[in-house]
Amino acid sequence: MSEQTPTTVSESAAPTQAAPPEKKSGNAMQRLLGGAAGRNLGLVIALALLIVVGAITAGDRFMNVENFLNIIRFASIIGVISIGMTFVITAGGIDLSVGSVMGLASVVASLSWVQAAADQTSWLLMVAVALAVGGAAGLVNGIVIAYGKVVPFMATLAMLVGARGLAELLSNKQTQIVSQQGFLEFFRGDFLGIAWLVWIFVIAAVIGWFLLGRTTFGRRTVAIGGNFEATRLAGIRVKRHLVALYVLVGVSAGIAAVMMLGRTTAGTSTHGTLYELDAIAAVVVGGTLLVGGRGTIVGTVLGVLIFSTLTNVFTQNNLSNSVQSVVKGVIIVVAVLLQQRFASRPGRSS
Amino acid sequence: MSEQTPTTVSESAAPTQAAPPEKKSGNAMQRLLGGAAGRNLGLVIALALLIVVGAITAGDRFMNVENFLNIIRFASIIGVISIGMTFVITAGGIDLSVGSVMGLASVVASLSWVQAAADQTSWLLMVAVALAVGGAAGLVNGIVIAYGKVVPFMATLAMLVGARGLAELLSNKQTQIVSQQGFLEFFRGDFLGIAWLVWIFVIAAVIGWFLLGRTTFGRRTVAIGGNFEATRLAGIRVKRHLVALYVLVGVSAGIAAVMMLGRTTAGTSTHGTLYELDAIAAVVVGGTLLVGGRGTIVGTVLGVLIFSTLTNVFTQNNLSNSVQSVVKGVIIVVAVLLQQRFASRPGRSS
Amino acid sequence: GTDSTSSGPTNNANNTETGETVRIGWSGPAADHGWLGAINSAAIAEAEKYDDVELVVAEGTNDANLQISQVETFINDELDAIVLLPTDGAALTEVAIKAMEAGIPVINVDREFSSTFAARVTVLGDNYGMGVSAGTYICEQLGDNPDAVVAEIAGIDSLPLTQDRSRGFSDALGDCGLEVSNRVAADFTVQGGEAAASQLLSAAPQIDALWNHDDDQGVGVLAAIDSAGRDEFFMVGGAGSKNAMDAIKSGDSVLEATVIYPSTQGADGVALARLVAQGKSLGDLVEQDVPTRIVLYAPVVTADNVDEYLPTAFTS
Amino acid sequence: MLKGDNTASLLSMRGITKEFAGVKALRGVDLDVVAGEVHCVLGQNGAGKSTLIKILAGAHQPSGGEIFWQGEQREIPNPVAAIDMGVATMYQELDVVDGLTIAENIFLGHELATGGVLHRARAARTTRQLLERLGHGNLSPHREVGTLSAANKQIVSMARALSHDAKLIIMDEPSAVLDAEEVKNLFRVVNELTSQGIAIIYISHRLEEIRQIGDRITVIKDGASMASGLSVADTPTPELIRLMTGRNVEFVFPPRRELPADAPVVLDIDGLSLRGIFADVSFDVRAGEVVGLAGLVGSGRSEILETVYGARRASSGHVSVDGKRLRPGAVDRAVTSGIGLSPEERKSQGLILDEPIFKNVTLSNFARYARGPLLNERRERAVTREQIEALELRPADPDRPAGTLSGGNQQKIMLARWLVHGTRVLLLDEPTRGVDVGARAEIYALIRRLADAGTAIVVVSSEIPEVLGLADRVLVIGDGRVLHSTPATEIDEHGVLDLVMKGTAA
Ligand SMILES: Nc1ncnc2c1ncn2[C@@H]1O[C@H](COP(=O)(O)OP(=O)(O)OP(=O)(O)O)[C@@H](O)[C@H]1O
Ligand SMILES: Nc1ncnc2c1ncn2[C@@H]1O[C@H](COP(=O)(O)OP(=O)(O)OP(=O)(O)O)[C@@H](O)[C@H]1O
Ligand SMILES: [Mg+2]
Ligand SMILES: [Mg+2]
């Protein structure tokens, strides 16, 4: 081995020559369509199509302000959960327990002694209890996942089963009626003519959008989903962040529980059954990658609206749940397929 | 360059302290415990503990042959599904649609005209129809996943929703009674004193074990789960293989549908609800990695038996489902944690 | 309650007396719903009334496979009788026959088996009758208006009992020239009732009468009606929960009436199982044996008679 | 192209082009290989070498051009077709399945089986023979590949190539993860193969290897062939470099500077051990000093760096920076104390490939530019642009996803990350692995510049000349122990190898 590679660049080097050809410039329009806007455009078109179908088949019954508000009210609870879910999925995780935790939180917050205590103090106590239950469940999930290193799917599956059982035990399998007046008044009231339920959804969406896209918290979330090990080696406390994420989605389930209590005036262990699947479907159809590393709150909101509009169009047309299920299945596959077409970047191997 | 920095190199390092390059040799016992046998040993101990608890709390009612056969009969349907599920999970996929496909297959196989045709020919026609429905659903899943490149979670979630809807439409939401005599006679009967249901489970387990561990099909399944791209580059037609895997799990759902028809003498769209979660829990608790690359049929069978014994012990002791749910949640987490301890190799970074 | 059976004048005067101890198995669907919860607790309470009954409870499930396994456990335990509220009547028929063949009488409650050989006694709520009662009540209120809009919120559509209720309802409405204009199905949960009702209300801007199959999901239905601010119609409930009866009594909601679907069927089943197992007969009847089929009455509760029924109402 | 022209050749690729979603990776490449030769393919990072061989291996489909195999035009629609044709490939990214055993990996895709039922004993026997042929008879065929070092994985990959009845074996940078001893071994096998008439396509950035083993050379630049079928003997190295890079590169390491006598100790490692991997490692690094860790692959050098960094928790011993002890197993503390690690596996441990360059550069300290929790991407981009200027990172677009850059430029992102963070101690694990000659020179210069500015640097490299040329002081590591510590000027390659061999034998 006489020859030695060690080298220095002679100063005569033409600097531009070394650069690989500029690949991904494209024109502005292409970049836009390939990016987030393009992905959301697909969703907007899908939603618009659904609305057209609704308008044609159900006419004025569909195309009126009250009905749209109805759709949004209907979307709001699953919407809040989906926003929390967007964060964990963006970080490469998943939370199957959201529905069940929501049921548990609704039960605990409507226990008779909690309501009695709220009567003594303020209805905010019930809200606090629901958020605390959600947060605590999330904390357990997060610790088991981050420190116990149990895959999120299994850890939260266990929580799904366990929280539902706990909710049944606590409620004695009975529906608990909310009679706390302050609570009912607030959550059944509106602000500027729009139900509080809807405001909560809107506020959660704005906060979620801001948190994911504009803050250090969001940056860490995306980084963890993109490459966990690299993020850890960059000196970010990934475990602590993971715990925070599961607490976040737990709290969002707690908020959803409060909304559900307000909307149905009752707390029961059956609240939230299968919401996890609806939320995951909305998040992924919205364009968040299930493997992590890319998440979009706007997409999630559109995903939620698409599914709730679909339900509304079906009901307006007196169509059965069964047909709706079949259509929903097809929509999920087609939407994910389209997402992938839109999202396929140059540089991805086939 | 004159070197002067004080560097302390302790030559006295005990030679044993430094590990030789061949790290994982250990002694035979260690190797056994660290390997598949060790993992299964943990499951066997868990099962034995459960049986002891059953024997102490329920005495002779629990400890008798008929009761054990009862447990196995109960386990057999979810068991067959779990064996199919082991294959897709080993390959790094998942199938959320098994329960719903089982419901659909049970409905189609018990449609009145199918039963009438079976009366004309043979009860095997009903079996063939159920397997065909399961296989067809699996084929759709497989094609969407392998060629459409939709993540398995979403593709099979869509199938979960869609197949249930289709089953409801076909059955008109009514429970269809099986009146085909040949079919009923066969499935009511037994062989060597043991119900056919149990035999089917045993045969499926043996075939599954052989297929996964002793054939090129199984080897390739493990390889795909371990490293998809490397397997593709090794000249394996990975897409075709993936499709075959989803057809396999679909057919196993079809077999489960036949067993369910035999056991309940009725086909309905509600058969198999939530079986996907039970099957996934059994497979993962059994030691198959959810990320793929390692699968064990023996573990899966033990996982299924643990959950069904648990249910039996609870029933024998008059304990409520709610408590059972909580216990089940805890068991899932603890089992996965233990699995990971057993499976963790020396030298793994923390 | 079965108290009325205790004072039979005939050869059955000994019905309340403690007889030989019998072990009775009880298995029902998952009590994920107020009515089913009430069924469960009423059955247990009934068993506790008797010194000679030991109730073995296999807790509810919605999986036919598991319920079959539970019944097999009962058979294996050689219990004296089994009370079974099947998650699906047809699906549990086979194992019920097996129990009967093993000499264990089966009392079938609420959801009927597909074979008469599967049960010694069948206790049924009258689902068709419920629909008829609700339809008839609505006809009485709206009879003079042939264009009235009648809406229906059903329970779980795949259950035969839901189909029976809907059939009874539309048959009764048909008699007065009405029909169901909007129908949605919920799932017997509060959440499902709320979701279905809010969608229904937006689909039907003007309603005259609404029948909701189930008072438990009715909590959600009423919440939805309230948030939509709708009160142009009246509503009839189903099952007869305490909440519903309280609302009827107070008269400050759209809920005007409810059709009872007794939540004491399971308790009846336990009482009958005891009689059958001890070889006793039904008081007040002349028959030597317990009859094979008992169909319960589905009365309509309104503000006029609500006080009469409140004590039997179940807490959802 | 006329068929007749190619009858003498084994393989002939003509005018191959390849476009990835708008990216022209190949713009017309010709490659001719005759039986029994070692044909080297040279080019800078991103020139298109791997793309070309992936087309030949059936892993990619060409956008244009023709392939002739033994004179006949062929389509290679998938990897199966290539293997059937007689082309076996060792890919650049390790292409083994971790969960399978060595034997299972070797026969993956062409399992020894009858009717789908495996012959496990026969596979184990054949595997043992193959491993012996490669000089690794000590490896058990039943060992799980996931527990092997990168070098041993490369051996498995080679054994797999041998297990095919191939006429042409493609080796894409096989030596990148091998040390000097292993490379010798590799060349022995290559010679054996060529003497049997098997042709080899050999890709490497180490030009001295080309000189040692190669027969003919094809040079690719920016996706087009610059020269085809040059004879190794007749082409001097500077000429090759000029063909590859379009400029002249001299063979010198940047000059060392005398370390000031009062240079303070920045990093102090005392009795550090990681059970089962290395034991009792002690050394310190002063401001402005470059310490190199030399040793064979698998000697535990990467683990030493990772443990110093806190990515693994030491079983005993401690690490201090500026006299302050670090908490073991806490990467975040290490980073705040001023340590930075550029890990061995850039792609899996270093970069978030889908994220833009600037987010990768600021990954360790984006919070510093944030106002409270609010990100300030404008400042992040500005800072990144400064680094792009300083390091001549190409392309100079902070928004380009990191995954689309060449290996050398990806390495520069890692360095930029620690530069913007302002680290006092830089741990570099294989900083030039897979990096081309030109970029390599730039990285060497950069490392020296950093040291001169007072950074304490630890470099691990499997290329002993690189360690000797870069470092002020060299620690020789063998079997998880520090065997020797000496100024770099007082030891040569043979000295290091002697020490390592003795250490291993002991
Ligand atoms: N799947 C892909 N999608 C898009 N672009 C790609 C893909 N694979 C490679 N490229 C691009 O093609 C060009 C050639 O890459 P290739 O990997 O062939 O280079 P190479 O010569 O092997 O470099 P190295 O020496 O670093 O291995 C690069 O610009 C690379 O970014
Ligand atoms: N996860 C692991 N499980 C078991 N052994 C491991 C693991 N990681 C590393 N080792 C072992 O630790 C030893 C040192 O590892 P490594 O190959 O990284 O050393 P190195 O000196 O850095 O060599 P290289 O030049 O390949 O980086 C090797 O023998 C390797 O087999
Ligand atoms: Mg390459
Ligand atoms: Mg290393």
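Once the gyration tensor of the Cα atoms in segment A:35-91 is diagonalised, the equivalent ellipsoid follows with semi-axes of 26, 17, 7 Å, ordered largest first.
Ignoring any ligand, DNA or RNA, what whole percent of the accessible area of chain C comes from carbon and sulfur when the probe is 1.4 angstrom?
Working: 5250 of 10870 Å².
Summing carbon and sulfur atoms, their accessible area is 48 percent of the total for chain C.
Taking all Cα pairs closer than 8 Å and separated by 6 or more residues, the relative contact order of segment D:94-165 comes to 46 percent.
Between segment C:81-136 and segment A:44-68, the C-alpha centres lie 46 angstrom from each other.
With a 1.4 Å probe rolled over the protein heavy atoms of all chains, the accessible area of A:214, B:39, C:183, D:313 falls in the order D:313, A:214, C:183, B:39, largest first. Mean separation of Cα pairs under 8 Å and 6 or more residues apart, divided by the residue count, gives chain C a relative contact order of 22 percent. Two decimals is fine: what is log10 I(q)/I(0) at q = 0.07, 0.08, 0.13 Å⁻¹ for chain C, from a Debye sum with one equal scatterer on every Cα and no solvent? At q = 0.07, 0.08, 0.13 Å⁻¹ the computed log10 ratios are -0.29, -0.38, -0.91. Looking at segment D:265-505, the DSSP beta bridges with both ends there are about 55 percent antiparallel.
For residue D:63 and residue D:492, the difference between the fully extended length at 0.36 nm per residue and the C-alpha to C-alpha distance is 149.6 nm. Ordering D:17, B:57 by accessible surface, largest first, gives B:57, D:17; the 1.4 Å probe counts only protein heavy atoms, with every chain in place. When the alpha-carbon atoms of segment B:40-342 are used, the pair Rg, Dmax equals 19.1, 58 angstrom.
In chain D, the DSSP beta bridges split such that about 55 percent are antiparallel, to the nearest 5. A simple packing score, the average count of other Cβ atoms within 10 Å per residue, orders the peptides D:67-80, D:164-177 as D:164-177, D:67-80, with the highest score first. A Stokes-Einstein calculation at 25 °C with viscosity 0.890 mPa s, built on the Kirkwood radius of chain D over Cα pairs, returns a diffusion coefficient of 101 µm²/s. Membrane-span-like helices in chain A, defined here as complete DSSP H runs extending at least 30 Å along the helix axis by their C-alpha atoms with mean Kyte-Doolittle hydropathy no lower than -0.5, are A:36-62, A:65-90, A:124-146, A:238-264, A:321-343; this is a sequence and geometry rule, not a statement about a membrane. A Stokes-Einstein calculation at 4 °C with viscosity 1.567 mPa s, built on the Kirkwood radius of segment D:375-416 over Cα pairs, returns a diffusion coefficient of 125 µm²/s. When B:183, B:210 are compared by accessible area at a 1.4 angstrom probe, the order from most to least is B:210, B:183.
Relative to the Cα centre, what is the charge dipole magnitude of segment B:40-342, using +1 at the beta carbon of each Lys and Arg, -1 at the beta carbon of each Asp and Glu, and rounding to the nearest 20 debye? Walk me through the intermediate numbers first.
Details: 17 positive and 10 negative charges, 175 e Å.
Computed about the Cα centre, the dipole is about 840 debye.
For segment A:208-225, a decrease in accessible area of 40 Å² or greater in the assembled protein chains relative to the isolated chain, with a 1.4 Å probe, applies to A:216, A:219. Per residue, segment C:80-209 exposes 31 Å² of solvent-accessible protein surface, assessed with a 1.4 angstrom probe and all protein chains in place.
Note on A:148-155: average number of Cβ atoms from other chains within 10 Å of each residue's Cβ is 6.
Distance from the Cα centroid of segment D:446-506 to that of segment B:85-102 is 52 Å (rounded to whole angstrom). Bridgeable lysines around residue C:280 (alpha carbons under 23 Å apart, same-chain partners fewer than 8 residues away excluded): C:49. Surface analysis of segment D:94-165 yields an accessible area of 37 Å² per residue, using protein heavy atoms and a 1.4 Å probe. A label point on residue B:65, set 7 Å along the Cα-to-Cβ line, lies at 7.8 nm from each of its counterparts in the other copies, closest listed first.
Expressed per residue, the C-alpha convex hull volume of the protein assembly as shown stands at 195 Å³.
Ignoring ligands, DNA and RNA, what percent of the 1.4 Å accessible area of segment B:40-342 is carbon and sulfur?
71
For segment C:45-91, which GluC sites (Glu not before Pro) are in a loop by DSSP, counting at most 16 other Cβ atoms within 10 Å? Walk me through the intermediate numbers first.
Details: sites: C:46, C:48, C:54, C:59, C:72, C:78; in loops: C:59, C:78.
Here the GluC sites (Glu not before Pro) that fit, given the DSSP loop and packing criteria, are C:78.
The figure for residue D:142 is an accessible area of roughly 120 square angstrom, using a 1.4 Å probe on the protein chains alone. Counting heavy atoms of the protein chains alone, residue D:462 has an accessible area of about 10 Å² for a 1.4 Å probe. Buried accessible surface for the A/B chain pair comes to about 3200 Å², total over both chains, computed with a 1.4 Å probe.
Shortest first, residue A:53 label-point distances to identical copies amount to 4.8 nm, with the label point at 7 Å from Cα along Cα→Cβ. Both chains summed, the buried accessible area for C and A stands near 2200 Å², from protein heavy atoms and a 1.4 Å probe.
Straight Cα distances below 19 angstrom link residue D:167 to the aspartates and glutamates D:32, D:37, D:72, D:75, D:84, D:192, D:215, with same-chain residues fewer than 8 positions distant left out. Across segment C:68-111, the relative contact order, built from alpha-carbon pairs under 8 Å that are at least six residues apart, equals 50 percent.
Positive end of the dipole of the protein assembly as shown, charges at C-beta (+1 Lys, Arg; -1 Asp, Glu), about the Cα centre: which of C:294, A:93, D:177 has its Cα farthest in that direction? Working it through, the farthest residue towards the positive pole turns out to be D:177. Accessible area buried by the pairing of D and A, both sides summed with a 1.4 Å probe, works out to roughly 4700 Å².
For segment C:182-200, heavy-atom accessible area (probe 1.4 Å) falls by no less than 50 Å² from the chain alone to the full protein assembly at C:190, C:191, C:194, C:199.
Could you please state how large a percent of the accessible area of segment D:94-165 is carbon and sulfur, counting protein chains only and using a 1.4 Å probe? Could the numbers behind the result be given before it?
Details: 1200 of 2650 Å².
Roughly 45 percent, rounded to a whole number.
Out of every Cα-Cα pair in segment D:94-165, what percent are more than 15 Å apart?
45
Per residue, chain A exposes an accessible area of 37 Å² to a 1.4 Å probe, with every protein chain left in place.
Label-point spacing at residue A:213 relative to the other copies reads 5.3 nm, in ascending order, each point sitting 7 Å out from Cα along Cα→Cβ.
Per residue, the Cα convex hull of segment C:194-316 amounts to 125 Å³.
For segment A:173-196, a decrease in accessible area of 20 Å² or greater in the assembled protein chains relative to the isolated chain, with a 1.4 Å probe, applies to A:173, A:174, A:175, A:177, A:188. What Kirkwood Rh does segment D:265-505 have if only Cα atoms enter the pairwise 1/r average? Answer in Å. Answer for segment D:265-505: a Kirkwood hydrodynamic radius of 18.2 Å. Taking every residue in D:14-22 and counting other chain Cβ atoms within 10 Å of its Cβ, the average works out to 3.
The values are calculated or read from the model by the stated rules, or taken from the named source; none is laboratory data. What you are looking at is a predicted structure, and each value in this text was computed from that prediction instead of being measured. Every residue, glycine among them, receives a Cβ derived from its backbone with ideal geometry; neighbour counts consider all protein chains shown. Just the protein is used for accessible areas: all its heavy atoms, side chains included, with ligands, DNA and RNA removed. Shrake-Rupley method; radii C 1.70, N 1.55, O 1.52, S 1.80 Å.
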